[in-house]
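In what follows, a single structure is set out as structure tokens and then discussed.
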Amino acid sequence: MAAAPTFAPPGAREALLSAARDRILITDGAFGTEIQNWKLSEAEYAGDLGLSHDQKGNNDILALTKPEVPESIHRAYFEAGADIAETNTFSANRISQADYGAEHLVREINLQSAAMARRVADEFAARDGRRRFVAGAIGPTNKTLSLSPDVNDPGYREIDFDHLKAVYREQTDALIEGGVDFILIETVFDTLNAKAGVMAAQEAAEAFGRDVPIMLSMTLTDLSGRNLSGHTVEAFWHAVRHAKPVTIGLNCSFGAEQLRPHVKTLSEISDTLIMVYPNAGLPNELGAYDEAPLTTAGLVGEWAQQGQVNVLGGCCGSTPAHIRAIVEAVAGLPPRAVPNVPVQTRLAGLESFTMAV
């Protein structure tokens with residue numbers, strides 16, 4: 001049975017912007033690698049849902065089959081000092097869940113995940129009076145609107161824009177009903193996918209009659225600073241700034257060291273908050289992450305010292321220990337001042353273009 005509607009407290013945009021004027025805020029760390037540490041069996045993933053596919057690795061389904069796992073992770077990150085919880089819904093969409101034969105559970109997964117994060121966030125806020133936020137996490141799916149999966153047919157697309165928007169709309173409706181403050185469109189490897197997510201989130205917010213701010217986070221696929229669809233960070237910002245996201249930033253991709261020049265670039269051109277949550281270094285030969293919490297904290301702390309960030313956290317391989325170390329590293333450092341960017345015509349192909357006045 002789906003969770004009953006749980007709506008977020010009002011004024012999330014204003015509350016986040018107000019808090020971000022006083023200090024550098026903290027979002028949480030990785031979910032996938034933390035779940036892997038539980039070493040769950042396929043039966044534990046599957047529960048008693050009677051699904052026909054193997055569910056091992058379907059992290060999102062745990063909201064229904066083993067909710068104590070994601071709830072304990074939320075609690076650990078809040079205990080470490082996080083201000084923002086990201087829902088465990090990265091792949092909780094109809095396209096990704098088709099791999100597990102769980103498409104019909106998308107709404108319930110998102111409702112339960114959002115309600116869980118909301119409940120824990122509000123519990124921690126009640127302890128000390130400091131508001132905690134919930135960001136409804138939306139991943140890119142395993143399809144791309146900009147590229148063909150068939151090298152022999154470059155014009156072919158597996159899905160179209162309207163289909164992906166509808167997929168995202170189903171997810172955003174459930175996340176909003178479940179109580180999220182924001183919709184976080186993250187790990188954007190295809191800018192057109194992100195634009196479908198933006199439109200879905202805007203339409204959902206309008207349908208609910210409330211302001212649900214959007215967060216956007218790009219992922220880079222090479223050190224030159226481009227995503228898979230070929231956009232530079234400048235072009236990505238120009239392509240999505242019309243959505244007036246409350247945060248723009250980078251996640252996943254590489255470790256903090258490799259992201260340094262791209263964080264600087266985005267910080268200089270964006271007239272909104274910058275949120276960056278890198279991987280804990282690069283994976284080793286076994287796919288594990290070895291970067292120690294103090295190392296990660298020291299690297300992202302350099303961005304804070306240079307006034308380039310407003311929100312920091314961790315992605316793959318990060319743990320509550322990494323988040324706690326980041327909290328300590330940036331304590332007392334002033335947040336980035338959002339610049340007043342001159343009004344000009346800014347366009348985006350694969351590269352950015354600013355029209356001369």
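The values are calculated or read from the model by the stated rules, or taken from the named source; none is laboratory data. Predicted model only: the values in this text are computed from it and were never measured. Counting neighbours? That spans all protein chains shown, and the Cβs are built from the backbone with ideal geometry, glycine included. Side chains are part of the model used for accessible areas, which takes the heavy atoms of the whole protein and leaves out ligands, DNA and RNA. Shrake-Rupley method; radii C 1.70, N 1.55, O 1.52, S 1.80 Å.
Charges were assigned to the Cβ only: +1 to each Lys and Arg, -1 to each Asp and Glu. The resulting dipole of the chain about its Cα centre is roughly 960 debye. List the pairs from Lys66/Lys244; Lys165/Lys244; Lys195/Lys264 whose alpha-carbon separation is above 30 Å, in the order I gave them. Cα-Cα > 30 Å for Lys66/Lys244; rest within. Across every pair of non-identical alpha carbons in region 312-357, the mean reciprocal distance, once inverted, gives a Kirkwood radius of 14.5 Å.
In angstrom, the C-alpha Rg and Dmax of region 264-357 are 16.4, 53.
As an exercise, take the mean of 1/r over every pair of distinct alpha carbons in region 167-323, invert it, and state the Kirkwood radius in angstroms.
16.1 Å
For a quick check of your reading of the filter: which trypsin sites (Lys or Arg not before Pro) in region 51-148 sit in a DSSP loop and have no more than 12 other Cβ atoms within 10 Å? Within region 51-148, the qualifying trypsin sites (Lys or Arg not before Pro) (loop, at most 12 other Cβ atoms within 10 Å) are Arg130. About its Cα centre, region 211-321 has a charge dipole of approximately 280 debye under the convention of +1 per Lys or Arg Cβ and -1 per Asp or Glu Cβ, with nothing else charged.
Carbon and sulfur together cover what percent of the accessible area of the chain at a 1.4 Å probe radius?
That share works out to 54 percent.
Taking amide hydrogens as placed 1.01 Å from N in the peptide plane, the amide H of Ala85 sits under 5 Å from those of Phe133, Val134, Ala135, each at least 5 positions away in sequence or on another chain. If you wrap the tightest convex hull around every Cα atom of region 44-171 and split its volume per residue, you get 124 Å³.
Find the all-direction average of the projected area of the Cα convex hull for region 141-246, expressing the result in square nanometres with one decimal place. Before the final figure, lay out each step's value.
Numbers: hull surface 27.8 nm².
Projected area, direction-averaged: 6.9 nm².
On the basis of the beta-carbon distance and an R0 of 25 Å, Asp162 and Ala98 show a calculated FRET efficiency of 0.90. Between Ser224 and His53, the distance separating the two model label sites (each 7 Å from Cα on the Cα→Cβ line) works out to 3.5 nm. With the simple spin-label model, which puts each label point 7 Å out from Cα in the Cβ direction, the Ser18 to Glu257 separation comes to 4.2 nm. Using R0 = 25 Å, the C-beta based FRET efficiency linking Glu203 and Val338 works out to 0.40. Taking one equal scatterer on every alpha-carbon of the chain, how large is log10 of I(q)/I(0) by Debye at q = 0.08, 0.15 1/Å? Values returned for q = 0.08, 0.15 Å⁻¹ are -0.35, -1.39. Here the Karplus curve 6.51 cos²θ - 1.76 cosθ + 1.60, taken at θ = phi - 60°, turns the phi angles of region 204-214 into couplings of 5, 4, 5, 5, 7, x, 8, 7, 10, x, 9 Hz, with x standing for Gly and Pro.
Looking at the chain, the accessible area is 41 square angstrom per residue; that uses a 1.4 Å probe and ignores ligands, DNA and RNA.
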